[in-house]
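Since the structure comes first, as structure tokens, the remarks are kept for the end.
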Amino acid sequence: MSDPVGMPLLLRPKSRIALVVKRSAWRIYLEEQQDPRLSRLVEAGDPTVARLRASHDAHEQTVREVRAALDRIGAEVLQVRGSSQPFDAEGLDLVVTVGGDGTLLSASHSVEKVPILGINSAPNHSVGFFCGARSGEVASAIEKALKGALRRAVLTRMQVTVNGRVVTSRVLNEALFCHASPAATSRYLLQLGKVDEEQKSSGFWIGPAAGSTAAQRSAGGRVLPLTSNKLQLVVREPYTPHGEAYRLRNALLSPGTKLVVRSKMHEAKLFFDGAVNSVDVGFGDILEVTHAPQPLTVLGISTKRKWGSGSPALFREP
């Protein structure tokens, strides 16, 4: 048995693959923690937990399918325990995530140059915009990925420093800067190019084009082409009691430009790519937001945005 390049499969070096698997809510809260409240809700058939078991079962089936596919090709597998667990991707041929977009986003913070393939493990229950395959097509997708036959999208990422220290250089979706309490006003100074502005708001989102369909769009931002290399700033609920207009309420950052943020809050937070990753920010701390030096290669996804009925049209970059 041989592959398309003529080398017997048994003689080829083993592919080194990191496997990052999400732990379902059912597994965490009902099987591992045996949460009594959730157990009672499940027994009562409460609608708030109605989908937990079905989502878990679909996920576990996909996990078995992935493991079988990796066994079939004889891959050397680095098993990552939990999607938020950092790992060393140096020397790997591929990173495979099993879950949804959140699983891929978490894993991407450990990935520099290695391509990543997301497997949407429960398509009826989770979002998989960044996922290039789903249950039923796993083996084919992994084999094509290792042969370089899957389409790929090279996505811009973002870097953030706090007081000159890099806290992350691998933001794919977005970062949120705001007061530590969601009920408190966020106060800060922004500098972008020659524009300096003091703002009060509920905070702001900033991120690459890949995240422009999510929080940025929900806050009134533009949907950017996936291949755009711009970063987008979108202020949440600007507080302008006297009718003033913020010049930096919405802005696009081209490569080579940076956004400088000075905190006017004793207790602020910077979240990036979800609620798990965050750093504390205090009064006078200085954040700088720029393009990251290393993009992310995501396999199996189209670079064209697809919208359903009633969705906003794709914005063209100015």
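Read-outs throughout are calculated quantities, based only on the coordinates presented, and are distinct from any laboratory measurement. Just so it is clear, the model here is predicted, and its values are computed rather than measured. Neighbour counts are summed over all protein chains in view; Cβ atoms, including those assigned to glycine, are modelled from backbone coordinates with ideal geometry.
Taking other residues whose beta carbon is less than 13 angstrom from the beta carbon of residue 183, and scoring Lys, Arg as +1 and Asp, Glu as -1, yields -2. Each other residue within a Cβ distance under 12 Å of residue 297 adds +1 if Lys or Arg and -1 if Asp or Glu, for a net charge of +3. Springs between alpha-carbon atoms under 10 Å, Gaussian network over the chain: tell me which of 112, 31, 60 tops the mean-square fluctuations. Taking springs between Cα atoms under 10 Å, the residue moving most is 31. Per residue, the convex hull around the alpha carbon atoms of region 9-150 comes to 107 Å³.
Have a look at 274, 45, 221 and tell me which one the Gaussian network model of the chain (Cα, springs below 10 Å) gives the largest fluctuation. Checking each option, the largest mean-square fluctuation is seen for 45. Pairs of C-alpha atoms in region 158-293 farther apart than 25 Å represent 16 percent of all such pairs. Please list log₁₀ I(q)/I(0) at q = 0.15 Å⁻¹ for the chain, using the Debye equation with identical point scatterers on the alpha-carbon positions. Evaluating at q = 0.15 Å⁻¹ gives log10 I(q)/I(0) of -1.23. Normalised by the number of residues in region 9-150, the mean separation of alpha-carbon contacts (under 8 Å, six or more apart) gives a relative contact order of 29 percent.
Remark: region 241-247, residue by residue, has Karplus-estimated 3J(HN,Hα) of x, 9, x, 5, 10, 6, 6 Hz, where x stands for each Gly or Pro and the curve is 6.51 cos²θ - 1.76 cosθ + 1.60 at θ = phi - 60°. Remark: region 36-51, residue by residue, has Karplus-estimated 3J(HN,Hα) of x, 5, 5, 4, 5, 5, 5, 4, 7, x, 5, x, 5, 10, 4, 9 Hz, where x stands for each Gly or Pro and the curve is 6.51 cos²θ - 1.76 cosθ + 1.60 at θ = phi - 60°. Which of 50, 219, 210 ends up with the largest GNM mean-square fluctuation for the chain, with Cα atoms connected below 10 Å? Of 50, 219, 210, the Gaussian network model singles out 50 as fluctuating most. Relative contact order of region 158-293: 31 percent, from C-alpha pairs under 8 Å at least 6 residues apart in sequence. Close amide H pairs (under 5 Å, H built 1.01 Å from N) link residue 188 with 199, 264, residues at least 5 positions away or on another chain. Of the residues 42, 25, 62, the one whose Cα sits farthest toward the positive end of the charge dipole of region 9-150, with +1 on the Cβ of Lys and Arg and -1 on the Cβ of Asp and Glu, is 62. Among residues other than residue 269 with Cβ under 15 Å from its Cβ, the summed charge is -2 (Lys and Arg +1, Asp and Glu -1). Packing, taken as the mean count of other beta carbons within 10 Å per residue, orders the peptides 95-106, 130-141 from highest to lowest as 95-106, 130-141. Counting pairs of alpha carbon atoms under 8 Å apart in space and at least six apart in sequence, what relative contact order in percent does the chain give? It rounds to 18 percent for the chain. Using the Karplus relation 6.51 cos²θ - 1.76 cosθ + 1.60 with θ = phi - 60°, the per-residue 3J(HN,Hα) values for region 65-70 come to 5, 5, 4, 5, 5, 5 Hz, with x marking Gly and Pro.
Dipole magnitude for region 1-132: about 80 debye, using +1 per Lys or Arg Cβ and -1 per Asp or Glu Cβ, origin at the Cα centre.
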